[in-house]
Structure formats: C-alpha cells, structure tokens
Amino acid sequence: MRSIPAFVIAGTHSGAGKTTVSLGIMAALQHRGMKVQPFKIGPDFIDPGLHAEICGVPSYNLDGWMLSRDYNRRSFRKNVQDKDVAVVEGMMGLYDGRSGATEEGSTAEMAKQLELPVVLVLDAAAMARSAAAMILGYCQFDPKVRLIGVIFNRVAGKGHLQYLKEAFRSLPGLKCFGGIPIDDRVTIPERHLGLTVAKEGLLNQRFIERLARLIETHVELNRLLASARTKIAAPAEAPLQKLPDDDVPIAVANDRAFCFYYPDNLELLRSAGAKIKNFSPIHDHRLPEGVQGIYLGGGYPEIYAKELSRNRSMRLAIRDFIETGGPVYAECGGLMYLAKALTDCGKRHHPMVGAYPFKTRMLPRLKALGYREILSTKKTFIARGKKMRGHEFHYSEIYGSPGAKAIETAYLFEGPGKTKLREGYRYKNCLGSYVHLHFGSNPRFARSFVAACRSTKQ
C-alpha cells in the first residue's frame, strides 16, 4: 500500500470549469516538481490530450460502462505506482452517466470504485447563498460519494467570495479550497467536437504558467493535497503471455487531423507485439518503412481535408496497402479518410483515399452520440459472435454511390430507439467504423490485429 494525494475533480454540470481547474492544478503541481498522473473519466479524447501536454505522461481513460471494474482499478493502480499525486478529471456533472436511472458510467460511480475523494467545482457566477443549497444536494444525493470540498469558479471578486464562504459555513465537514476569478486568458476555445486539441499548440508555456499561477493564487493547494491523501494498493500482476520474438511494425496516424487514441489501445497493441511507428497523413508522402499494418484513429479530418487531399502520394500509398491485403483498422475520422471523398463544413468536396466506395459529408447538427456495444457478425480482427464496447460521436454521415449499399458490414449494435444498426465496414483486410472501440473491453482484439499484421508481408 502507498499513500499519496489522489482525488477526483467533478463538476456540478458540463461547463462548470472542471477542465480548466484540473489543468490548472496539474500545472501547479508540475511546477512544484511533483510527478503527476492524470486520468479522465469517460470516453473523451480531448481532455486527456491536454492533460498529457501538461504532465508529460499519457492520461488514461477510466470508464464505468466501456470497461470492467477490475480493468479500471488495475489501470489506476498500475499507472500511479511511480507518481507523487493522481488527478482524475470527471465527466459532465458528478452524477451524470449513461442514463438518468442509474449511476452507470458516471463520475460518482468511478469515484466509489476507486475509493477516491471528490472535489466539486461549482460555477458560482450569479450565485451566493444558493450555492450552499446546491452543494448540500450533491452531498445528500449519494452519501457513499466522499465529497471533501468545493472550489468555486467564475467568482466576481473578493466580496462575492466572502458571500459564498459565509453560506458555505452551514455545511459542516466540507472544505472550501478556494474561489477562482473569471479570467478569459485561460479560456480554451471550443468547436463542434469539444475543446481545441493539444496538438494545435494552445497549451504553450505561457498559457500553462498562467494556469499554474491562477491555481497557486486562488486555491489552497496544500490543504487540498493534505485532505486527499489516499491509500492505494499495488496492482495485481497481469498474466504473462508468450509472444513471438519479432516486433510487428504498425503505422499509426498521428498529427493534427488524427489524434484521438485511447493510450490503452496503443499499449495493448505493444504488449501484443506491435512496434508503433507514428506518421502524418498530412505531411508525410509515404508510409513508414516496412510497416505491416495501419491504425487510423479519429480526429478532425474535416478541418484539414484540403491538406489531406493534396497529399496524393500518401492517399495512394494507403490505397495500395489496402488493395494488396494489408491489415488496416480505422475509426471515425479514419473511416472518413478512407472513403471516396469528404465534403467539409463549407460544402467543399475533397477526394480522399477511396478504399470505400461511399463518401462522407459534414452536417450542421450532431449525427450520433453515445456508448455502443458492438457484436461481431463476421470474423475480422475480432472473432465472430464476440462483443466490444466503445463510443460514437460525430457530425458527419455516409452518403453517395450505389456501391455504398454493397459494402460488407461486420458489426451489429443497438442505436437510438433500440433499432438494430449494421456497421463496421469491411473491404479486403480493412475494417472501418464510426465507433471508437476501447480495446480494454476485449483485449483479444489487439492480439488478433497484431497477429493479422504479422502474417501479412507487404
């Protein structure tokens, strides 16, 4: 057992400021020379990327629906072993999850699974004594959640904070760790899929230092750390697997257009024998030397569609790789890149790889959002009849040629209204889908994909 400060930062609702507070606390702790291990509850990709930019280590997703309780606990314990502090950013509001009826997938559920204390971020703009009533409700809704204190956000000034603290005194057993003023200089711009991603360079040193100063000035960080000390057990030993001696080179698209990857997915591929070779479909003109497989993750291909389309040599290289039977796995943005063409938000048409006969186009409204459990109806990189879990979130849709109807599908899952949807588009040894699968929900997927790459010599 080790004892380190470890805590969950939750919000009263989406937009309360928990990401800014989380990033600021991480930056302040890093500035003190502490080794910080960040985590993100839920399926989000963008916040973990921002965490990693500040902390210099991957931020791991913890998810009560996609992943088992044991997987979450092992992941948390394994990744905090050599760290000084663990900061876990929640999702949405503290009690928001997969449904309104249960805690499944919520921040509250994960805090209880990991036995971690919770710090609540409350947007105090235009509030005073009513803030105490709101906090009391969060405390009493589920007494098993160990709420240790509150950070007020968007405080108008010293007088406003004094009102909030006076009201807070009616809540014994809770601590007020501080009040953060409104500061537009640390606002992170948003777009249709959420916040700006880390690879776009927002978190420069000046921005990070400003975040750290904001927290050091307005949050009682020492008090928070002392209140959040937690005993953490050593991780259970994973069973050893005998793997072939050779590493299998797998190309992973990694640039501003493709940057949505669960760190676990890449680590599970490595543990199955993959040697990850990052490449950029925007800038590189050929695939990395000797690759035997390709992984195209999600991201923002619609924003960089012109650059992706102009790089014709890369498009042709990937198309040739697929036509000669090379194993390729693509999800969401990667699927859009492999289509015949992409129509961006400005209705501009851009030729893409063309492995699939259909096209994709951006819509002014959200097309799909939610957790997905896919059932494999055909043998691909997952055995027929097996299930995996993931998440779908996109503003684009498939449309186009008559060939789109003929493309083979390998997944079946339940969509809105409990309708059964066929998805998982298969062409030769290429599998693409709008669903971002978490390989931790079925680690055999990673082993099967690496095995397929190993057996295919280009």
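The values are calculated or read from the model by the stated rules, or taken from the named source; none is laboratory data. This structure is a prediction, so every number in the text was calculated from the model and none was measured. Cβ placement follows ideal geometry from the backbone for every residue including glycine, while neighbour counts extend to all protein chains displayed.
Brief remarks on what is shown
- In region 48-96, the residues that are among the polar types (S, T, N, Q) and surrounded by 19 or more Cβ atoms within 10 Å (Cβ to Cβ): SER59, ASN61, ASN72, SER75, ASN79
- Residues (out of contact with any Gly (no Cβ under 9 Å at 6 or more places or on another chain) and surrounded by fewer than 22 Cβ atoms within 10 Å (Cβ to Cβ)) located in region 257-278: PRO263, LEU266, GLU267, ARG270, SER271, GLY273, LYS275, ILE276, ASN278
Every residue, every condition in (1) outside any loop (DSSP other than H, G, I, E, B); (2) among the β-branched types (Val, Ile, Thr); (3) closer than 14 Å to ALA86 by Cα; (4) free of Cβ contacts under 8 Å to residues at least 12 places away in the same chain, yes or no:
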| position | (1), (2), (3), (4) |
| --- | --- |
| PHE7 | yes, no, yes, no |
| HIS13 | no, no, no, no |
| LEU23 | yes, no, yes, no |
| GLN37 | yes, no, yes, no |
| LYS40 | yes, no, yes, no |
| PRO43 | no, no, no, no |
| ASP47 | yes, no, no, no |
| LEU50 | yes, no, no, no |
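- Filtering ILE276, ILE318, ILE294 for residues that are within 19 Å of ILE407 (Cβ to Cβ), without any contact (Cβ under 8 Å) to a residue 40 or more places away in the chain and of a type in the set (A, V, I, L, M, F, W, C) leaves a single hit, ILE318.
- Residue within region 95-105 that is over 29 Å from ARG2 (Cβ atoms) and either assigned by TED's automatic domain parsing to the domain that holds GLY390 or among the aromatic types (Phe, Trp, Tyr) (or both) present: yes
- Test: LYS306 is modelled with pLDDT of 95 or more, under 15 Å from ILE398 (Cβ atoms) and surrounded by fewer than 22 Cβ atoms within 10 Å (Cβ to Cβ): no
- In region 292-387, counting only helices (runs of 4 or more DSSP H) that sit wholly within it, the ones holding 1 or more residues that are closer than 20 Å to PHE413 by Cβ span 333-338.
- Within region 4-35, the set of residues being touching a Cys at 6+ places or on another chain (Cβ under 7 Å) and either basic (Lys, Arg) or surrounded by 23 or more Cβ atoms within 10 Å (Cβ to Cβ) (or both) comprises just one member, MET26.
- Test: residue in region 440-457 that is without any contact (Cβ under 8 Å) to a residue 60 or more places away in the chain, in a loop (DSSP other than H, G, I, E, B) and farther than 24 Å from ALA305 by Cβ: no
- Members of region 20-38 found to be at pLDDT 95 or above and touching a helix residue (DSSP H, G or I) at 6+ places or on another chain (Cβ under 7 Å), listed by number: LEU23, GLY24, ILE25, MET26, ALA27, ALA28, GLN30, HIS31, VAL36, GLN37, PRO38
- Residue-level analysis places ILE151 outside the set of residues that are more than 21 Å from the chain's Cα centre (by Cα) and without any contact (Cβ under 8 Å) to a residue 40 or more places away in the chain.
- For GLY42, the stated conditions hold: it is crowded, with 24+ Cβ neighbours inside 10 Å and at positive phi.
- On inspection, PRO364 fails the criterion of being in contact with a helix residue (DSSP H, G or I) (Cβ under 9 Å, 6 or more places away or on another chain) and not hydroxyl-bearing (Ser, Thr, Tyr).
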